[in-house]
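To keep things clear, I will list the structure first and then write my remarks on it.
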Amino acid sequence: MTDPLFLPVKIGNLEIKNRIYLPAMHLNMAKDFVPLDRMVDFYARRAAGGAGLINVGYATINRYAGNTMCIGAHDDAFIPGLSRLAAAIKENGSKASIQLNHSGRYNHSFFLGGEQPVAPSPIASRLTREVPRELAVDEVEQTIADFAAAALRAKKAGFDVVDVLSATGYIISQFLSPITNTRKDKYGGSFENRMRFGLDVARAIRAAVGPDFPLTFRINGNEFMEGGLGRRELSRYAAELAKNSVDAICVNVGWHEARVPQIVTGVPRGVFRYLSRAVKEAVNIPVIASHRINDPVIAREMLSDGMCDMVAIGRGLIADPDFPLKAKEGREEQIIHCVACAQGCFDNLFKLKAVECLCNPEAGYEKERCLSKAASPKKVLVAGGGAAGLVAATTAARRGHKVVLCEKSSKLGGQLHLAGAPPGREEFSVLGDDLARQAIAAGVQIFLNTGVDNAILEREKPDAVIAATGALPASPPIPGVESANVVQAWDVLAGKVFTGKTVVVIGGGAVGFETALLLAEKGTLSGDDLKFLLVNKAEDINDLYELAIKGTKKVTLVEMTNSVGTDFGKTTRWTMLQDAQRAGITMLTQAKAVAIKPNGLTLETPDGTKEISADTIVLAAGSIPYNPIAGLCQKKGIPCQTVGDAGKIGRAFDAIHQGFEAGRAV
């Protein structure tokens, strides 16, 4: 049977070799609107990995449209840089598309030399808090002309497709939505009038680039904004675009301001496919589905079930640029799946940094971190099979070294499996399994239930050692900490212990927060439970909602500082806080546990001493490095590198990148 992922598809007259589409993602890899070598290398690598169509962007259409770290398409001076980017994609086997955009009220005066951003109406966004200047009608018409001029430049530069961002809360969304458009002229008021700007942009581009040049639009399937547009109105907009010479539509999800999570790990794979289905039922042109599609299985299902004609895989191709080739060649078990942590991609944008990836240390460093074969292969022993150890072992093996990995437990993946235990965090466990399979595929010899000691060093006689032995949970010096009602968060996450009905978690960092969420989930309806009861109308829908979010345990999270979850990335933290509030977790900040008792604990707070009753106390007070290997190697004169928590407590991002660099350095 033919794999639906690898059937060709046409956008207009352009044939694309497969159904895998890399959507535009802001990378912060341009300077003064010109793509840096880093960006060219990034996209060339994804093209070499087999994606059918690669969309770069976004690209600015005038000086109000973005900032200097965007790709520039608003002046002929930028055509050489655009040409270089398009050529790199096409020379490596993919078709090249460019996304045009204007951020409207999402721009910031900081990027405009102090000038106000512009928008359909003077309504501030929650992102910038700045009130934009309302565009006059002649300025609106000039902006439409600017879109058309930028599209023509893209065509001249050699791109195969022009894409327009008409979603996510940017300027076309702002004209379309009643939330942000209060105009009284022909571009405001009725839905027909509010559609006018986007449709005029489509018509103007078509006139500029000619009848046969492929034009696509990325629209929202649902704005997920209170008072905003839903899938019915937006499907109608899609139908109007199709009537106005648009050749394909990519269905996006939500605005940047929306309070529905869109890209984080708690979002189920492919959950928004119902939105692309709604658009597909309204148009007769190809429809591209997007958001949280990170595995060939879900992609194939969506295609074969008629939910879409192509699948947009963005961060999945950051995590593994060879995703298409591996799927085509029957090597799917070797795919590194995006965990949707957003730590290196979206969170970096808030820091004005270039995109990186927790899962893929080479992302954004395609030339600098390109692996070469070692001049003189060595025998390398890696102690520890967690994230850092697995990546170090795989990297060293890829360079041609003979690598042995010893893991003292019975399973590879280490703390990634703890991180994957809470509800909605399962992708981290998937990553643990992915990294293990990578090591096996690279030829690493693996010994489980084997700690590294003198005997192992004598047996293996390594030329070099990488210590990746991880950490141990810390036990704070609180009176009563050894009591029977006290357990470690790691043991809760690993399912090794049971907890009572009333639980207090000490420590509001990532581990404590995730443990609290895991406990608060106990007794709630699962997704399958909920669907069964819903479709059979067994309970009132409001009761089902309560049963889905309210568990059987009363959970309190205690943190010494003035905030919780601060070690989560910005993209993830708000969703975790939202989940905790919905689950009814009590969060006490500026509270220090000073004594543990058989029936609870004593806290010191700014308001004085406070007693809390609890059946179980869970310790999530951090961890301490565990590294018995470095000393042994020093005595034997064996070169040893230490990576991950064995050296310094950090995030999975740090562990994986350190492991890669250690394997590369041998």
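Computed from the coordinates by the stated procedures, all read-outs in this text should not be read as laboratory data. Computed from a prediction, not measured in an experiment: that's the story for all the values here. Here the Cβ is made from the backbone with ideal geometry for all residues, glycine too, and neighbour counts use every protein chain on show.
Footprinting exposure proxy ranking of Asp185, Asp322, Asp615, fewest other C-beta atoms within 10 angstrom first, gives Asp185, Asp615, Asp322. Computed from Cα positions, the angle between helix 137-157 and the longest principal axis of the chain comes to roughly 70 degrees. For segment 425-514, applying the loop criterion from DSSP together with a ceiling of 16 other beta carbons within 10 Å to the chymotrypsin sites (Phe, Trp or Tyr not before Pro) yields Phe498. Summary value for the chain: 11 percent relative contact order, contacts being C-alpha pairs under 8 angstrom separated by 6+ residues.
When you count the other C-beta atoms within 10 angstrom of each residue and take the mean per peptide, 477-485, 347-355 line up highest first as 347-355, 477-485. Over the chain, the ratio between the Cα radius of gyration and 2.2 N^0.38 Å evaluates to 1.02. The calculated FRET efficiency for the pair Val535 and Gln634, based on their C-beta separation and a Förster distance of 45 Å, comes to about 0.10. Relative to the longest principal axis of the Cα atoms of the chain, the long axis of helix 37-48 lies at roughly 90 degrees. Close amide-amide hydrogen proximity is noted between Val382 and Val404, Leu405, Cys406, Ile466, each under 5 Å apart and 5 or more residues distant or on a separate chain (H modeled in the peptide plane; Pro and chain starts excluded). What base-10 log of the normalised intensity I(q)/I(0) is obtained for segment 486-621 from the Debye formula, alpha carbons as equal point scatterers, at q = 0.17, 0.20, 0.21, 0.22 Å⁻¹? For the requested q values the scattering log ratios are -0.90, -1.14, -1.21, -1.29. As a length-normalised measure over Cα pairs under 8 Å and 6 or more apart, the relative contact order of segment 55-148 settles at 28 percent. For Ala77, neighbours were defined as the other residues whose beta-carbon sits under 11 Å from its Cβ, and their charges (Lys and Arg +1, Asp and Glu -1) total -2. Which of rounded, prolate or oblate describes segment 215-303 when judged by the alpha-carbon gyration tensor and an a/c cut-off of 1.5? Oblate shape, in that a/c is at least 1.5 and b/c is the bigger or equal ratio. The 3J(HN,Hα) values that the Karplus relation (6.51, -1.76, 1.60; θ = phi - 60°) gives for segment 172-188 are, in residue order, 5, 4, 5, 5, 6, 8, x, 5, 10, 10, 10, 5, 10, 9, 5, 9, x Hz. Gly and Pro appear as x. Listing Arg232, Arg196 from fewest to most neighbouring C-beta atoms within 10 Å gives Arg232, Arg196. I want the local charge near Ile61. Using Cβ-Cβ distances under 10 Å, sum +1 for each Lys or Arg and -1 for each Asp or Glu among the other residues. Value of the local net charge: +1. Between the helical axis of 387-398 and the longest alpha-carbon principal axis of the chain there is an angle of about 70 degrees. Over every Cα atom in segment 20-350, the radius of gyration and the widest Cα-Cα span, Dmax, amount to 18.4, 57 Å. Using the Karplus curve 6.51 cos²θ - 1.76 cosθ + 1.60 with θ = phi - 60°, work out ³J(HN,Hα) for each residue of segment 9-22 in order, rounded to whole Hz, and write x for Gly and Pro. Rounded to whole hertz, the list is 9, 10, 10, x, 9, 8, 8, 10, 5, 8, 9, 9, 10, 8. Backbone amide hydrogens, once placed in the peptide plane, bring Leu472 within less than 5 Å of Ile624, Tyr626, excluding anything fewer than 5 places away on its chain. Among Asp309, Asp75, the ranking by other beta carbons within 10 Å of each residue's beta carbon, starting with the fewest, stands as Asp75, Asp309. Taking the average, over residues, of other Cβ atoms within 10 Å as the packing measure, peptides 577-583, 390-396, 27-33 rank 390-396, 27-33, 577-583 from highest down.
Got a sec? Which residues in segment 120-159 would a label at Asp76 touch, if it sits 7 Å along Cα→Cβ and we count backbone N under 12 Å? Inside the label zone: 153. A cut-off under 12 angstrom between Cβ atoms defines the neighbours of Lys570, and their net charge, with Lys, Arg +1 and Asp, Glu -1, is 0. For Lys373, the lysines whose Cα comes closer than 25 Å to its Cα, not counting residues fewer than 8 places off in the same chain, are Lys326, Lys402, Lys461. Estimate the FRET efficiency between Leu112 and Thr566 by the formula 1/(1 + (r/R0)^6), using the beta-carbon distance for r and 35 Å for R0, to the nearest 0.05. The value I calculate is 0.65. If R0 is taken as 41 Å, the Cβ-Cβ distance between Ser526 and Glu368 corresponds to a FRET efficiency of 0.35.
Take the Cα of Asp212, step 7 Å toward its Cβ, do the same at Lys411, and the gap between the two points is 5.8 nm. Normalised by the number of residues in segment 486-621, the average gap of Cα pairs under 8 Å and 6 or more apart makes the relative contact order 36 percent.
One chain, two ends: Glu281 and Val131. Fully extended at 0.36 nm per residue, the span grows by 50.2 nm beyond their Cα-Cα distance.
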